[in-house]
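Accompanying notes for the structure given below.
The values are calculated or read from the model by the stated rules, or taken from the named source; none is laboratory data. As the structure is a computational prediction, the values presented were derived from the model and not from experiment. Virtual Cβ from ideal backbone geometry, glycine too; neighbours counted across all protein chains shown. Ligands, DNA and RNA are excluded from the accessible area calculation, which covers all protein heavy atoms including side chains. Shrake-Rupley method; radii C 1.70, N 1.55, O 1.52, S 1.80 Å.
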Amino acid sequence: MTTGSRHPAAQVAARTPAAGPRGGGEVMGDGRSALATVRSRLWRARPLLVGAVVLLIIVVLTLLSGTGDDDAPLSPGNAGPEGARAVAEVLAAQGVEIRRPASYEEADALLGEGPATLFLNDPQQYLSATQLTELGTAADRAVLAAPGERQLSALPGGFDLVGPLPFDPGGDAPPPSAQCEDSGAVAAGTITATGTAYSGPVTCFPETIEDLSGGLYVTSADGAVAVLGAPTILANRSITDEGNAALALASLGSSPTLVWFEPTAADVVAVGEGIDPLTLLPGWVDVLLVWLLVCGILAMIWRGRRMGPLATEPLPVLVHAAETAEGRARLYQDSDAVAHAAANLRAATLVRLARHLRLDRSATAPEILDAAARQGGRSRSELAERLLENTPTTNRELVPWAQELLDLEKEITST
Amino acid sequence: MVITGRLVLLALLGVVPVIAYPGTTSILLWALLLAVLAGLDLALAASPRRLGISRTLPESVRLGEDSASTLVLRNDASRRMRATVREAWQPSAGAQDPEQSLDLPAGEARRRSVHLRPVRRGILRVDTITVRSAGPLGLAARQLTVEAPGVLRVLPPFNSRRHLPSKLRRLRELDGRSAVQIRGAGTEFDSLRDYVRGDDVRSIDWRATARRRDTVVRTWRPERDRHVVVVLDTSRTSAARILDEPRLDTGIEAALLLSVLAERGGDKVHFLAFDRRVRARVDSTAKGNLLGSLVSAMAPLEPELIEADFSRVAAQVRAASAHRSLVVLLTALDAGAVEEGLLPALPSLTERHVVVVASVRDPQLEDLRADRSTASATFRAAAAERALLDRAAITAQIRLLGAEVVDAVPAELPPRLADAYIRLKAAGRL
């Protein structure tokens, strides 16, 4: 018994065949215990086991380390060029408390707690017009970052979307100036010309797009709702340009609390009477699917286990005998060796004719022709022309010529 | 361990409690039930390590005939064994029922036969026997693979033996022929008989005629105890398949027919399988049945992927027979191989011996030659013509060197070679 050895391969090699090739002797077992077999199986499977463990570790590490770095644009926690941490830090230093609700309901509740400013950054336009209007009215002051036309439809005050500013690659367009009564806008003076223009009761930083005039910062008559068409002025990258910082601080820092709300897909409300078909299924379906998965895995193990190792077949080498001829034919064809092929065909025909006409092996072509003319019905000159003088030069000529050669041979040898 | 279809069925039955009491608990409970039952079954299964196996195999079998590997299985365990036993024959052994089921009470033995119908000549092997012993519930089983090597020698079929009776009759007709047909050197005196009209007057034995009143002529019989050396080429050219048979197998058929015929004709036969060294060797002077030792020696022959070295054939032939012999070379008449190998070595053989070069002709070349329907087919025809011309040139060269050439399609080669032998024997050239 070799239990305890660390190298099953060595055990296998050391084992002697239990029976002679012709039989006779009785074989019983493989000379090892069940435990040793299990151990050797595990030893053989260790690359797979190591691979599985490594995979498991990778999966676990990925799940654990997926802390979700804040890298969303215009997020108050993002310190990157696209983030808005600079504005948030300055506001916090000035005593403004920044709250970040995770859902629409939470945002609504926060706004109800006391005087607060809402900053709504919804680039994917998850919120509906009703939700947006409700939030806007619940807040003492609401700053909407580039809302969509659909979202504005229910908002009182007559806000409207005019259109995006044309792309300005050189950056040589003059930055728009306030040109309105709003104190924040006046304090800013000018801001970076980018984003979307809106129209409304008070239009600041006016821009004209295709004969329609609008502004990048539009507020209601009482200043309670403001639409910021250029939210990128809040980004860390551009906050120090022009009067961006002044406008940002003035519009966001008017209340002791700032509710910085970034809606997610979870805040989307279902529109209409559509029903999720999954809710129609009974409750046990999920459990059943899990159990069927288990059954499927069991079935795979059942069918996947072989009755012992595969038997190997030592195959002898066999080559198709006509392969060399086929290969030569392809060489002829690829190199367009029409003359060569024709010479072969003619030589073979002459040799066969010579044998049929009982001429010597060393007979020359004219001698064979003489004999063939004596034997068959055709004149010597005709035979000479068809057999010797006509020589094809192209593939197209070769085929009929070769067929004619064969016909001629049959004609002469059959007479 | 192995799980069975029954366990999977039982698992599928678990659908009922899972639907009746949805939740993780029913899944876990059912899984636990499965695990417990399977574990119990495994624990109660008889150990496959206690199954004694002994195998009986026939010494050899001719290709095309059925055979069987008989296993005697003895249960040495204290429990009843419900097992499936698989003998892992290589596929060309053509095992009809490699998996045998077995219900074996403790201490008893059973006999099981695995029927074999080999599809290939050669040494066929079985390496392992796998035993799968299921528990009483049939849910799980223990599996063990046991090393139990065995070999079955599959002999060449000798299909050409159907030509043997007719060739033997022709050989017998040579006996006692009068000198009318056969004259010249090398024939042996057989007997005297009365002159009949038409006998050659030169064969009249005047001395005997003087003793009797009638005219008496001598008759002759073909020589006996001549040596026939059959050399079978097993080099790379023998791997070529012509129709549905490798050239080597056709050569084996031809060699078998010729050897048996020559032995019955009273000659001594030596067989050599040769490429760069001797692969097999049989002498009729040795004890035992010539045909039996020939087929066993030929069974394991396989084409070797090396070039034949004909320069050593002369020495091998001399080692096999020190006398003037009929040397039959079963080889291929492929232009390159023959020009490099056989032609330079042939004179050293022909100066001492009568040499016959026998080769298989590929009938497919004739088909290719006649097909001139398209450009591709015409090029193939040209290539086939070139191959046939080369072959004819080689044949002519071999004949110039004083050797006979037998060139025939696979089915025709054995009888044609036998004819050549009879013709040479009749002509007294052996």
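Taking the inverse of the mean reciprocal distance over all distinct Cα pairs, the Kirkwood hydrodynamic radius of segment B:224-426 comes to 17.2 Å. Provide, for q = 0.12, 0.18, 0.20, 0.26 Å⁻¹, the log10 of I(q)/I(0) from a solvent-free Debye sum over equal Cα point scatterers in segment B:208-282. Values returned for q = 0.12, 0.18, 0.20, 0.26 Å⁻¹ are -0.49, -0.79, -0.89, -1.13. Could you tell me the relative contact order of segment A:325-414? Use alpha-carbon pairs under 8 Å, at least six residues apart, and round to a whole percent. Rounded, it is 35 percent for segment A:325-414. Taking every Cα-Cα distance in the protein assembly as shown and sorting them into 10 Å bins starting at zero, the pair-distance distribution P(r) comes out as 2, 9, 11, 10, 10, 9, 9, 9, 10, 9, 6, 4, 2, 1, 1, 0, 0 percent. Structure remark: mean-square fluctuation, Gaussian network model of chain A, C-alpha springs under 10 Å; the largest value among A:ASP168, A:ASP334, A:ASP267 belongs to A:ASP334. Compute the long axis of helix B:164-174 from its Cα atoms, compare it with the longest principal axis of the Cα atoms of chain B, and write down the angle in degrees, 0 to 90, nearest 10. In chain B, helix B:164-174 runs at an angle near 20 degrees to the longest axis. Placing a label point 7 Å from the Cα of B:GLU65 along the Cα-to-Cβ direction, the residues of segment B:278-293 whose backbone N falls under 14 Å from that point are B:291-293.
Distance between the modelled labels on A:GLU113 and B:ASP390, one decimal in nanometres: 9.6 nm (7 Å Cα→Cβ projection). Over segment B:1-155, the hull volume per residue, using the convex hull of the C-alpha atoms, is 111 Å³. Other protein chain C-beta atoms within 10 Å of residue C-beta, averaged over A:322-335: 6.
Helix by helix through chain A, keep the DSSP H runs that span 18 Å or more along the axis on Cα and average at least -1.0 on Kyte-Doolittle, and give those back in order. What comes out of the filter, once short or polar helices are dropped, is A:46-65, A:285-304, A:338-356, A:395-414. Applying 1/(1 + (r/R0)^6) with R0 = 22 Å to the Cβ-Cβ distance of A:ARG396 and A:ARG330 gives a FRET efficiency near 0.70. Take every Cα pair under 8 Å whose residues are at least 6 apart in sequence, average their separation, divide by the length of chain A, and the relative contact order is 13 percent.
Among the residues of segment A:387-403, those with an accessible-area drop of 50 Å² or more from chain alone to full protein complex, heavy atoms and 1.4 Å probe, are A:VAL399.
The B-A contact accounts for approximately 6500 Å² of buried accessible area, totalled over both chains at a 1.4 Å probe radius. Summarising the overall dimensions of segment A:311-415 from its C-alpha atoms, the Rg and Dmax are 18.2, 70 angstrom. Working from Cα pairs under 8 Å separated by at least six residues, relative contact order for chain B is 13 percent.
Note on B:ASN289 and A:SER183: their simple-model spin labels are 12.4 nm apart, each label 7 Å out from Cα toward Cβ. The alpha carbon gyration tensor of chain A gives principal lengths a ≥ b ≥ c with a/c of 1.5 or higher and a/b no greater than b/c, which makes the shape oblate.
Rounded to the nearest 0.05, what FRET efficiency do A:GLN124 and A:ALA45 give with R0 = 45 Å and r taken as the Cβ-Cβ distance? Could you check? Taking R0 as 45 Å, the efficiency between A:GLN124 and A:ALA45 is 0.40. Here the protein assembly as shown is assigned +1 on the Cβ of each Lys and Arg and -1 on the Cβ of each Asp and Glu. Its dipole about the Cα centre then comes out at about 10080 debye.
Volume of the convex hull of segment A:74-212 (Cα atoms only), normalised per residue: 140 Å³.
Applying a 4.7 Å Cβ-Cβ cutoff to the protein assembly as shown, the cysteines left without a disulfide-compatible partner are A:CYS295. Computed about the Cα centre, the dipole magnitude for segment B:1-125 is approximately 320 debye when only Lys and Arg (+1) and Asp and Glu (-1) carry charge, each at its Cβ. Positive contributions from Lys and Arg (+1) and negative ones from Asp and Glu (-1), summed over other residues with Cβ under 9 Å from the Cβ of B:LEU73, come out at +4. Per atom type, the protein assembly as shown shows carbon and sulfur on 55% of its accessible surface, probed at 1.4 Å.
From the alpha carbon centroid of segment B:386-421 to that of segment B:285-307 is 24 Å.
Using +1 at the Cβ of each Lys and Arg and -1 at the Cβ of each Asp and Glu in segment A:325-414, identify which of A:GLN403, A:SER335, A:LEU369 lies farthest towards the dipole's positive end. Towards the positive end, the residue furthest out is A:LEU369. Both radii were evaluated on the Cα set of segment B:381-420; the Rg over Rh quotient, with Rh as the Kirkwood radius, amounts to 1.06. In this simple spin-label model, placing a label point 7 Å from the Cα along the Cα-to-Cβ direction at both A:ILE57 and A:ASP140 gives a separation of 5.6 nm. The spacing between segment B:223-265 and segment B:106-162, judged by their C-alpha centroids, is 33 Å. Heavy atoms of the protein chains alone define the surface here; on that basis the protein assembly as shown has 50 Å² accessible area per residue at 1.4 Å probe size. Treating only the Cα positions of chain B as identical point scatterers, give the base-10 log of I(q)/I(0) from the Debye formula at each q in 0.06, 0.09 Å⁻¹. Those come out to -0.45, -0.75, one per q. For B:LEU12, project a label point 7 Å along Cα to C-beta. Then give me every residue of segment A:281-317 with its amide nitrogen under 17 Å of that point. Only A:288-304 fall inside the zone, counting backbone N under 17 Å.
Within 10 Å of the Cβ of each residue in B:139-149, the mean number of Cβ atoms contributed by other protein chains is 5.
The slack in the chain from B:ARG80 to B:ASP97, taken as 0.36 nm per residue of separation less the alpha-carbon distance, amounts to 3.8 nm. Here the calculated FRET efficiency for B:GLU173 and A:SER362, from their Cβ-Cβ distance with R0 = 30 Å, stands at 0.20, rounded to the nearest 0.05.
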